[in-house]
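Trainee: Got a structure here, written out as structure tokens. Questions coming.
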Amino acid sequence: MALRRLESSAGAELFHRSKKGVRLTKAGEVFQQEAKALADQWHRLKESLVRSEEGLTGTYTIGCHPSVAMYSLPPILPSLLSDYPLLRLELQHDLSRKITERVIRGEIDLAIVVNPVRHADLVIRPLRKDQVGFFTSKTASSTNRLRESEKHPGPVLICEPDLIQTQTILRKSKLNFSRTVRTSSLELVAALTEAGAGIGILPG
């Protein structure tokens, strides 16, 4: 009876009936294909509705400099991961300008960078403002203070020279440094500066 009602609703004969059993007619085969497509579409619609209720789902890539990640991600990631249990994150690290280039190329979904470059394909939102400056330990020797002498032509600089902020502050300061200790870790810059190894360039 159920098959008869289905044929009546469809307005066509969908099944060949014989003593050997039941098989689809041409109209029945078309009906089967269309019904399967409709069922698949309904399944996708339900998944979309579930995703809209659950919020963020899927895998997203966040790019940022390692030192930027150290102070910017811990305050936001715990609650983000807790609020969206189906969200998966991948973190990738490099210089801010290289991370920005990868966002423009579509290789990274989201970036936390310093001094972002304006681009037609980017949506930029400020998170915080940092003032970068020179720092020295209170117990630093005269060699590593901001002054020069015949014996000590200049203090030791500890920084990451490739950062735009570093280049900007050095250009404006016009100070002379005898040597430069290069490191990409702001934490190490702070530790070496505190130990009196030199003058560090750090966000304040």
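Values quoted throughout were computed directly from the atomic coordinates according to the rules given, and no laboratory measurement underlies them. From a predicted model like this one, the values you see are computed outputs, not experimental measurements. Cβ coordinates were reconstructed from backbone atoms using ideal geometry, including for glycine residues, and neighbour counts include every protein chain displayed.
Trainee: Among the residues of the range 168-194, count how many are surrounded by fewer than 13 Cβ atoms within 10 Å (Cβ to Cβ) and in a loop (DSSP other than H, G, I, E, B).
Mentor: Residues meeting the conditions: 2.
Trainee: Which pairs have Cβ atoms under 9 Å, sit 6 or more apart or on different chains, and link a residue in the range 165-183 that is of a type outside the set (Val, Ile, Thr) to one that is assigned to a helix (DSSP H, G or I)?
Mentor: Here the result reads Phe177/Leu170; Ser178/Thr143, each pair linking the range 165-183 to a residue that is assigned to a helix (DSSP H, G or I).
Trainee: Under the condition of being in a loop (DSSP other than H, G, I, E, B) and among the β-branched types (Val, Ile, Thr), which residue from the range 74-115 is surrounded by the most Cβ atoms within 10 Å (Cβ to Cβ)?
Mentor: Ranking the candidates gives Val113 first.
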